[in-house]
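Data first, discussion second: the structure below is written as C-alpha cells.
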C-alpha cells in the first residue's frame, strides 16, 4: 500500500485524491482479503468466483443487472455491495475469516471502479523496461541515472537530497560495504590528502580488485545457499562443502558474470565438457540439510531434499514463495501445485538418495588445491616406483623364462595356492590385501622380498590416506534414465497422484523450444531476457546489501502479497542494466557506490525520522547496524590480529565452553583452534547446523534458504561484543599497538585507537569523554594491579611485557568501549 | 494518535531520557515505533491491542518431556491391555496407520501391559501409575488430557510441531509468539527463557535443536534465551577476567555519553535504542546472578523440588529457576528434559526418568500454589507423542522391553492458569491405541494455551513470504470444556 495514497485517503474521508493504480493500490487489497477463497487455488475457491483474473472479476453477478465489478458503476458492482453491506450472510470477507477492509481501503476500491476499473497484471510478471531517466532541474547532485530516479521522487515529495557524507565517513562506509573490513589509519590519511577528482573512484576500484571483496560478497550468498559445515538433524555429521564456499567467493572476485554463476551452480555438470570447477559449483544445491535420524524413511528424505532445491531456486532467482504449492495451488500468485511439481521435476533426476548415514552422500567430487594436486601426483608416482622395484626384485627372486609369471618359476614351487595367485599377477595389479598375504608368506624366508612388499604397501597407504583426507564436495549429476515425477498429495511422498512433466511455471514465459527440459535449460531460462523476475530479484538483493532494505522490501517475495517497489522505474532500469551489462556484478556495485544517493550523509534531516523512518525515499545515506560477523571482523582487523589467509577448511575460534557438548549430550566436542585459525574471518567459522556459532546474531539459521536480512538489538548481542574473548583480545592488541606507536603520549594513543576503528579523529567533546574515562580506569588499575594483569591475559596472544600493565589495561578498557559505541556498531 | 501507542511512547521516552533531556521531540521518537516490529531493543512491550481479552494466565511454564513418555505406563490405564498382555495386536486397531521405520508394520507384534500398577488418586480419582507418586499426590490440581493426538512420528518434527506448529524448522515457537505479542514484564530478564536437561546415564537422548525455541521469521529478539548450567548462565554474561564491575560501569557510562553526542548530531532514533540495549545488557548482568542464587530459598522450599535442586543442570534445579523467572516477570519458560525415548528401556531407564522429573514437577506446582502464583501461571507437562501399547522387542527379554513412537493417542497434563483442576478430559480406546473420545489435536492445545494468555490464536499473525502466519496454521479450536 502506498503510504501517501493512504494518508490522502484518510484526509479526504473515503475518497482518495488522484489516480488509483490497480497493481499498486488494489491488487494488494484483493490479494490480502479475498484471494484465500477467490484466488488461484481451485480447491479452496468458494462460489466459483475468482478475483485474481480479469475474466473472473468482471463476470456478471448472480444478481440481475450487476457484475462482480462494473467499471464506472459502483451501484452495479457486486463487489462493493459485498464489501459494504451490513447483512451478515452477505458481508465479505466473512466474519470468521478474521480480516476486514479498512474504510480507506474500501474508498480506494470505490475510487478505482469510479475511475474505470482498469485491470493490470501484477507488476513483477511484466518484463522490466528502461523508463526514460528523469530530467532534474534542481541543483541536486545527479552523478548517474540512479540519482536522477531518486531525486525525481524526492522532488515529487518536496524533499531534498542530503549533502555528501564526510570523506572519512564515506571511506569507512565503502570499505565495510565492499570488503567488510575497516580502512587502515594509513589509508585514511592518504585518502584525506588526495584531493584529486577521482580519489573516491580510485578507492572503489582498489576495493573491487581486493580479494576481500569476494569474502564480503559471498556471505549473503552463503545464507541464500543455506551453506553449513554439518548436515543438521540428529547426528549432525560433518560435511566438507567448504571448497564450494571458496569457489563462490572466488567467483565474486573473478566477477564471473551472474548468468554463468547461475548456470554453473544449477547445472555445471550438464554444461558441454564440464570442468571440475563447473561441477564443483553445483554443490550449491547440495547444501541442503541431510537427515540421518534413526527411523527416517529414505524415500521421504529424498523428496524433502528435492523440495528444498526447488524452493531455494524459487526464492533465489524468482523471488516467489513456492513452498505453499507443495500441498495446494498458491493462494495469491499464479503458481499451481502442478507448476511446483513440474519445477521439482528438474531436480528430481539426480542419483542422490535419501539415506542419512553418510555425511557426504554421493554424488561427490574430490577437490584439491594445486599444491595438493602436486602432492597427489607425487604419491601416485611413489606407488609406481615401488611397484617397478618389486617387479624387478621378483625377477631376481623368481628367475623364469620370458613371458612367464613369477608363479610359474621354479622358486615359487611350494607356495600355497593363494600366494601363487598373487605372484601370477603383475606388481602393479595387486591389491593391498594380496600384498599383505604375500608379505606374510615371505617374511621369514626372503627378507629382501618382504622389504619390497612392505615398501609398496606403505606407499599405497600414504596415497590412500591422502585421498581420504581430501574434501569431498557433494555435487549434482543427472541420471541417464529420468525419474518420473508426480504431484504429491499434501506434499506426502507416499501419495503420488498425477504424473507431470518437466516445465517452468505456466504463468511465466516458457523454456526455449527444442532444448531438453533439464537443469541447464532451467538455468538458461532463468537468465534469459524474456524472464521478468531474476534480474529484478538479483539487483534488489544487491541493493539491500548497500541500503539495508531492498527497493522491494520483501526481498524474498515478488509475488502479489510482496511489497511494492519504492522506486519501480529505478528497479527496472537497474534490472535491465544488469542484464545488458552481461550480468556484470562489479559494474553494478560500482554504479551503486559511485552514485550520489549512496554517498549522502546519513544524518536524519529534521522531521524525517517520522516522515520516512525507514529511509524508503532515500533522502539520506543508509545507516544501520553492521552484521554481527562483520563486527567481529572489524575488531580483528582494527587490532591487527586478523589472519588474512583466504579460504580453507572451517575454523573453530573462541566459543564459551560446552556449547556443542550440551546440545549433543557430549557427542560433539568443540575443540577450539589455536594460532592463526582464531583470527581468520568470520566467514570461515565452522557452522554447525544444530547449534550455530554463538558469537553471531541475526544471521540466517543456515537451515533453509534465507535472503531477508534482519537486524534486532538484543542485549545478548551487546554482552557478546563487550565480553567475548575475541573482542577483549582485539581491544588489548589494539591498545598495545597504539601505545607503542604513540610513544608515551596518551592523547596520541587515544586518537590512534579511535582512528583504527572509526576511520576519523575524535571531536573535542568525544575526546573529553575518552580522556576522563581513561583517567578513571587508570585510577582503578593503579589500585588493583592484579586485575590489570588478569585482563591482559585474556586471549591466546601474549601481551607485550615491555608495556606498563596498568596503562595497557586501562587502554584496553578504552579500546573495548570504542568498539562498542554506536558508530562502531553501525555503518554510518 | 492511538492512546496505547502514546503510552508506549511515553514509557520509551522515560526510559531513554531518564538521565537527561536531549531535546528530541516526540515527533522524532514516533519513528521508533514505525520500524519493523516496533523499535527493537528497548524493553519489549508487545503489540498494541494485545491481549485480545482478559487473560487467565500471565505466564506459561512448559515442562516439555523430549522423547515421548509412555502414556501407557504412566497415566492411561487400560484393564483390557493387562488382560491382553502377550497377545497379538488386533488388526482393527492399526489399519491404515503409519508407524516409524523402527516398528514397520505392527502386525504380528504383541501387546505389552504396563509394567507398574495403577491407582486412582484424590477426589477426582485420576489414574496414575506408581511411576509418578508425587504427581499422583497432586491429582486434584491437575487437568489430564488423555485424547492428545499428533501428525508426526519422528522426534524432531513432532517436537517442532508441538512448539512451533510446524514439523519443519523455521517457524516461531510458542514462547517467541508470546514475547512478540505480549512482550516482557521484566526489563532485566528475557521474556522467553529455555533450559534443557537429561537424566544421568540416559542412552536415548534426543538432541535439543535450537529451533525448538527459535523466533522463526519474527524479530530474533523474541527467540528463547538459553539458560545454561555453566559459569555463565547466559552466554557472555560475565565481564572478562580483570574487568570488574566499577570498570565496566564506567565503560558503559562512557559508551552512553558518546552515543548521546552522536544522537544529538544524527537524530537517528536507533541510537537511542542502542543506549537502551546496553543498559538492559548491564541490568541482565546484575539480575541473572541474583536469579540463579538460591541461597535465600528456605530448606522447606528446596525440599519440595527434591534432592537434585541444588545441582545446576538438573530438571529439579530448572524447575525452581522457572518459578524464580516467572516471579521476576519472564513470560514463558520452556524446560526440556530428554531421555523419554524408551525403545528398549521401559523396565530400566523409564524409572530414572520418572525419578528425576516426578518430584520436581510436583514441587514446582506446589510451590507456585503456596505462593498464590498458580492462578496466573499455566504449567504444562507432556511430550511430543505417546508410545505403542504393543511391544518393541522380544516379550521373553524383559530387561529390553520397549515401546515405539505412537502419535495416535497420548496423555498430557496441565495445572493452574485458569484450567479446571482435578479433571480428566477425553480418552483413548480400550487399548490406549487411538483416541475414542473428544480428540485434542496439537493445534487445539496451542489455541487453548494462547487463549489462556488472552490471545485469539486466529488473530496473532505475522506476514512473511506473503502469508499471514500463526502458531496454529489454519487450524486449532480452543478446548473450552477444560477452562475454569
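Side notes on the structure shown:
- Distance from region B:112-166 to region A:126-160 (C-alpha centre basis), Å: 66
- Sorted into 5 angstrom bins from 0, the C-alpha pair distances of region A:167-209 split as 5, 24, 39, 25, 6, 0 percent.
- Residue-averaged 222 nm ellipticity for chain A, from DSSP H runs of 4+ at -39500 (n - 2.57), nearest 500: -14000 deg cm²/dmol
- Averaged over A:781-789, number of beta-carbon atoms from partner chains that fall within 10 Å: 2
- Average beta carbon contacts from partner chains per residue of A:291-300, 10 Å cutoff: 4
- In region A:723-827, Cα pairs under 8 Å separated by at least six residues give a relative contact order of 40 percent.
- To the nearest ten degrees, helix B:269-292 and the longest principal axis of the Cα atoms of chain B are 50 degrees apart.
- With contacts taken as Cα pairs under 8 Å and at least 6 residues apart, chain A reaches a relative contact order of 16 percent.
- A Cα-only calculation for the protein assembly as shown places Rg and Dmax at 33.6, 112 Å.
- Antiparallel bridge percentage (DSSP; both residues within the protein assembly as shown; nearest 5): 55
- In this label model, residue A:75 and residue A:513 are separated by 5.3 nm, measuring between points 7 Å along each Cα→Cβ vector.
- Kirkwood hydrodynamic radius of region A:370-470, from inverse mean 1/r over distinct Cα pairs, in Å: 14.2
- Ranked by the mean number of other Cβ atoms within 10 Å of their residues, highest first, the peptides B:394-407, A:389-402 come out as B:394-407, A:389-402.
- Scattering profile of region A:723-827 at q = 0.10, 0.13, 0.23 Å⁻¹ [log10 I(q)/I(0), Debye over alpha-carbon scatterers]: -0.24, -0.41, -1.33
- Label-point separation in nm, residue A:671 to residue A:763, each point 7 Å along Cα→Cβ: 5.2
- Rounded to the nearest 500, the 222 nm mean residue ellipticity of chain B from helices alone is -10000 deg cm²/dmol, with -39,500 (n - 2.57) taken per DSSP H run of at least 4 residues.
- Relative to the longest principal axis of the Cα atoms of chain B, helix B:3-17 runs at roughly 60 degrees.
- For region A:470-522, the average shadow cast by the Cα convex hull is 6.4 nm², which is a quarter of the hull's surface.
- Fraction of beta bridges assigned by DSSP in chain B that are antiparallel (%, nearest 5): 50
- C-alpha long axis of helix A:167-179 to longest principal axis of chain A, angle in °: 50
- Relative contact order (percent, whole number), region A:370-470, Cα cutoff 8 Å, 6+ residue spacing: 32
- Sequence ranges B:89-95, B:219-225, ranked by mean other-Cβ count within 10 angstrom, highest first: B:219-225, B:89-95
- Within 10 Å of each Cβ in B:210-219, the average number of Cβ atoms from other chains: 3
Every number here is computed from the coordinates shown, using simple stated rules; none is lab data. All values derive from a computational prediction rather than experimental measurement. All Cβ positions, glycine included, derive from the backbone under ideal geometry; neighbour counts span all protein chains shown.
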